[in-house]
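No lab work stands behind these numbers, since they all come straight from the coordinates. In this text, all values refer to a predicted model and were calculated from it rather than measured experimentally. Heads up, the Cβs are rebuilt from the backbone with ideal geometry, glycines too, and the neighbour counts pull from every protein chain shown.
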Amino acid sequence: MKSTIGISFDGFATLSESLVIAREAEAAGAASLWMAEHLGYRDSLGSCMAFALNTSRVKIVPTAISPYLRNPVPLAMAMATLAEAAPGRVGIAIGVGNPLFLAEAGVAMAKPLTANREYLQALRGLWTGDPVSMPDAMLHQLAGARMMFRPPEPIPIYLAPMKEQNLRLAGRLADGVVLSAGLSADYVRESLALVSAGAGEGSRDPADVRRAAYVFFMASDSDPRGAFEKSRRKLAFVMRNRYLDEAIAHSGIPVDQQAIIEAIGRRDIDQATRLVPDEAVEAFTVSGTRAQCARQLERFFAAGIEEAVLLLVGEASERADSLDVIREYASA
């Protein structure tokens, strides 16, 4: 299968700035736009509707929507409405979310495997238009909830897992898997092996599960070291998620993740950035010249992903080289 490139948005930029990037990415040949749901930043569903109305070809994916934060009924309504705006171009990624930000919002994370499984079941049921009853569900006890309209085409559901049981769940039940940013290519390979094992447990062909991964990305022929440093800053932010502990340990790179989590909790991104060693940036991001980035991306495709979802690092004036790499992949 042809390798494809998507673009991820973290909600840091304004909506107008993100729309510029979305249009540039589509023109360069990107296959998809994924909008993150980071608490306190730009809203994913509203942003995705804007993307849908300002593009014509790319797939639109809000990610990763947490079962702890959104009731499945209004979410199913919002996604079906989005699918009407962009027929055949909509997907959704679900995942439990970041423990640090959930705790700040007063949300307790319990039994994430159950939460994801029930959420996936509820969404699929609601999109049929039939009544959905889940009286024994852990989070959302639906009692005959139903939608009065259906999406024009099926909406694929990706799972955004970090631990073994949820990786296996993705293989058993989800339409696709999207792996976290901040993973090495070797850890991506091991994670996808667990997804394939889960597919086997569910009597599914592993090839039927779409495989994507987020990657921090910045290409710059004029300032490759600057691209490296900007990627370090983004990596510090994602390392606030304690569920990356196994991926970091697997790399063998010494990272004081607890200190990073504490710095991000204080919103001291500068201190968190200083705690990320060079070896981590080299292993967990793609940055450097255009040629270097193209080679580094191949590590992730060789690990088994079909789509690299790039979070473009840098300001508007610094995106030209990154977009050139996307064009090369799209035209290959």
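A few notes on this one:
- Rounded to whole numbers, the Karplus 3J(HN,Hα) couplings from phi for region 244-250 are 7, 4, 5, 5, 5, 4, 4 Hz, using 6.51 cos²θ - 1.76 cosθ + 1.60 with θ = phi - 60°, and x at Gly and Pro.
- Considering only His38, Pro67, Cys293, the residue lying farthest towards the positive end of the dipole of region 4-331 is Pro67, judged by Cα position with unit charges set on Cβ.
- Between region 143-162 and region 216-240, the Cα center-to-center distance that results, in Å: 35
- Scaled radius of gyration (Cα, divided by 2.2 N^0.38 Å) that region 181-299 gives: 1.17
- The charge dipole of region 4-331, taken about the Cα centre with unit charges on the Cβ atoms of Lys, Arg (+1) and Asp, Glu (-1), comes to about 580 debye, rounded to the nearest 20.
- Region 1-58: trypsin sites (Lys or Arg not before Pro) falling in loop per DSSP and having at most 15 other Cβ within 10 Å: Lys2, Arg57
- In order along region 14-21, the phi-based Karplus estimate (6.51 cos²θ - 1.76 cosθ + 1.60, θ = phi - 60°) of 3J(HN,Hα) comes to 5, 4, 5, 5, 5, 5, 4, 4 Hz; Gly and Pro are listed as x.
- Per-bin percent of Cα-Cα distances, the chain [10 Å]: 6, 26, 37, 24, 6, 1
- Rounded to the nearest angstrom and listed largest first, the equivalent-ellipsoid semi-axes of region 1-160 from its Cα gyration tensor are 27, 19, 13.
- Highest mean packing first, where packing is the average number of other Cβ atoms within 10 Å per residue, the peptides 142-150, 215-223 line up as 215-223, 142-150.
- Along the axis of the charge dipole computed for the chain (Cβ charges of +1 for Lys and Arg, -1 for Asp and Glu, origin at the Cα centre), the listed residues Ala236, Asn116, Met162 are led at the positive end by Asn116.
- Think of the chain as having a plus end and a minus end, set by charges on the Cβ of Lys, Arg, Asp and Glu; of Gly304, Pro152, Ser18, Pro152 sits farthest toward the positive end of this dipole.
- Compactness check for region 1-56: Cα Rg over 2.2 N^0.38 Å is 1.10.
- Less than 5 angstrom separates the built amide H of Arg146 from those of Val132, all sequence-distant by 5 or more or on a different chain.
- Under-5 Å amide H pairs with Ile60, H placed in peptide plane, nonlocal only: Leu33, Val90, Gly91
- For the pair region 257-326 / region 178-204, the C-alpha centres are spaced 20 Å from each other.
- Three principal axis extents of region 88-130 based on alpha-carbon atoms, in descending order, are 35, 23, 15 Å.
- A simple charge model with +1 on the Cβ of Lys and Arg, -1 on the Cβ of Asp and Glu and nothing else charged puts the dipole of region 40-175 at about 240 debye relative to its Cα centre.
- For region 231-241, 3J(HN,Hα) per residue [Karplus equation, 6.51 cos²θ - 1.76 cosθ + 1.60, θ = phi - 60°, Hz, x = Gly/Pro]: 5, 4, 5, 5, 5, 4, 5, 5, 6, 5, 7
- Here's how it looks for Ser8: its modeled amide H is under 5 Å from those of Trp34, Leu310, Leu311, Leu312, which are all 5 or more places away or on a different chain.
- Fraction of beta bridges assigned by DSSP in region 4-331 that are antiparallel (%, nearest 5): 5
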